[in-house]
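Q: Structure in structure tokens, see below.
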Amino acid sequence: MLLKRLRQILLLIVCVAGLSWVSPATAPVAAQPSHTVTPIGQNAAVDELQRQRSQIDQQRSQLSQERERLQNLEQAAQGTLQGLQHSVTATTGQIKASDSALQQATTHLKQLETKLATAEQTFRQKQFSTVARLRFLQRQQVNRGWAVLLQSQNLNEFLDRRRQLRLIYHTDRTILLSLQTDAERLEQQRSQVEQQKNQIALIKQELLAQKSNVEEQLAFQRESVDRLKSDRRALQAAESQLEQDSLAIASMIQQRMGGQGGISLVMRGTGQFMLPCVAEVTSNFGWRMHPILGYQRFHSGMDFGADYGTLIQAVDSGTVIFAGWYGGYGNAVIIDHGNGLTTLYAHTSEFYVVEGQGVQRGQAIAAVGSTGLSTGPHLHFEVRRDGEPVDPIAYL
């Protein structure tokens, strides 16, 4: 019994050992999942690589766009710089030309003043001699001339003395006429001096405007204004200069109006004008009694008594055919509205438009000032038909 029991135990051990040898054969089945993990990891790595490559491509595109933007900015800056250089060159040339004109005008003024001083001295000497002679004759008896004649011994002596008296009176009359002619010539020379001073004042104003030195320009303008207000002859010369500039503007407008050789119209007006600025009308168009000179002068436009810096508006749509300095008018803007109709805005302090620019009705084009031959801040406004001034009232 014991031996049989031992055999059963031994058989059981052998069976268990056999089961342990069979289990390794099934090991590959248990390890099967390890073969599916490896492809998933590879896909994740590929996705990450593609994501990084996409980010790099995006950054490269951004860099390319930024490089292009910087190149455009550089080109624009170069263009602006070239424009500024051209502007500086042109302005420098204008300043040199103005300096040269100023020197010539100053030299001419000195020559005129020298001639005037000489003429005044000669006139004073002649005037003194003539007045002394006339006073001497006045102190003599009224009938002295007749007494001399009556003292004649014979007819021949009487006729001779009468001829001598006539010669004396004729000489005195000639001297007086000559003195009057000299006085008129002296007055003309004084007017020439004042005209030359006005011309120098205009050149200096233009020169200071080119140099953009506002303070100096304003200071010199105040000096010019004071001189024009206090000196009647200077004001007369200024009025004459403005009349000459008005005539010259008519020719300039006809040359610049739309058409062959002119500035092409960008915009046209309606013919219905608004007021150029909000201000009181201080002087109308036509013949007027000058408030200072005291006699009639022709006024080619309307004056609006506005303060410095007041906005000036285009009275109608049109095209700017002139924006710059024009003699006694100072800083001026001229707008072509089509159909031969133009408007002019003078004595302005600064511009808001340039030549060739189209403007809308009511658009700000300049600011009120007192440039040119002006005795104070105001807007001088003109309406012109084919270059010739007409009454603005008919259009406002």
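Q: Per residue of the range 124-132, in order, report the coupling 6.51 cos²θ - 1.76 cosθ + 1.60 (Karplus, θ = phi - 60°) as ³J(HN,Hα) in whole Hz, putting x for Gly and Pro.
A: Per residue, the Karplus-derived 3J(HN,Hα) values read 5, 5, 5, 5, 5, 5, 5, 4, 4 Hz.
Q: Which net charge results when you count Lys and Arg as +1 and Asp and Glu as -1 among the other residues whose beta-carbon is under 10 Å from that of Phe285?
A: -2
Q: Could you list which residues have their amide H under 5 Å from that of Ile321, counting only those 5 or more apart in sequence or on another chain, with H placed in the peptide plane?
A: Under 5 Å from the amide H of Ile321 lie the amide H atoms of Ile334, Ile335, Asp336, Gly356, each far enough along the sequence or on another chain.
Q: Okay, moving on. Under the rule of at least 5 residues apart or a separate chain, name every residue whose amide H is placed under 5 Å from the amide H of Glu350.
A: Ala367
Q: Peptides 102-109, 311-318: what's the order by average Cβ count within 10 Å, highest mean first?
A: 311-318, 102-109
Q: To continue, here is another question. Just check the range 313-385 against the gyration tensor rule for me: Cα atoms, a ≥ b ≥ c as the square roots of the eigenvalues, rounded for a/c under 1.5, and otherwise prolate or oblate depending on whether a/b exceeds b/c.
A: Prolate, since a/c reaches 1.5 and a/b exceeds b/c.
Q: OK, next. Which of the peptides 357-367, 110-120, 185-195 is most tightly packed, and how do the rest follow, going by the mean number of other Cβ atoms within 10 Å of each residue?
A: 357-367, 185-195, 110-120
Q: Given H placed 1.01 Å from N in the peptide plane, which residues other than close sequence neighbours of Leu265 have an amide H under 5 Å from its amide H?
A: Gly259
Q: Determine ³J(HN,Hα), in whole Hz, for all residues of the range 331-343 in sequence, where each value follows from phi through the Karplus function 6.51 cos²θ - 1.76 cosθ + 1.60 and θ = phi - 60°; x replaces Gly and Pro.
A: 6, 9, 10, 10, 10, 9, 9, x, 6, x, 9, 9, 10
Q: Mind listing the phi-derived Karplus ³J(HN,Hα) values for the range 299-313, rounded to whole Hz, using 6.51, -1.76 and 1.60 with θ = phi - 60°, and x for any glycine or proline?
A: For the range 299-313, the Karplus curve yields 10, 8, x, 10, 10, 10, x, 9, 7, 3, x, 4, 5, 10, 10 Hz.
Q: Determine by what factor the alpha-carbon radius of gyration of the range 248-358 differs from 2.2 N^0.38 Å, reporting the quotient.
A: Its radius of gyration relative to the 2.2 N^0.38 Å reference: 1.11.
Values in this text are rule-based calculations from the coordinates and carry no lab data. Every value quoted in this text rests on a predicted model; they were computed, and no experiment measured them. With ideal geometry, Cβ positions are generated from the backbone for all residues, glycine too; neighbour counts draw on all protein chains shown.
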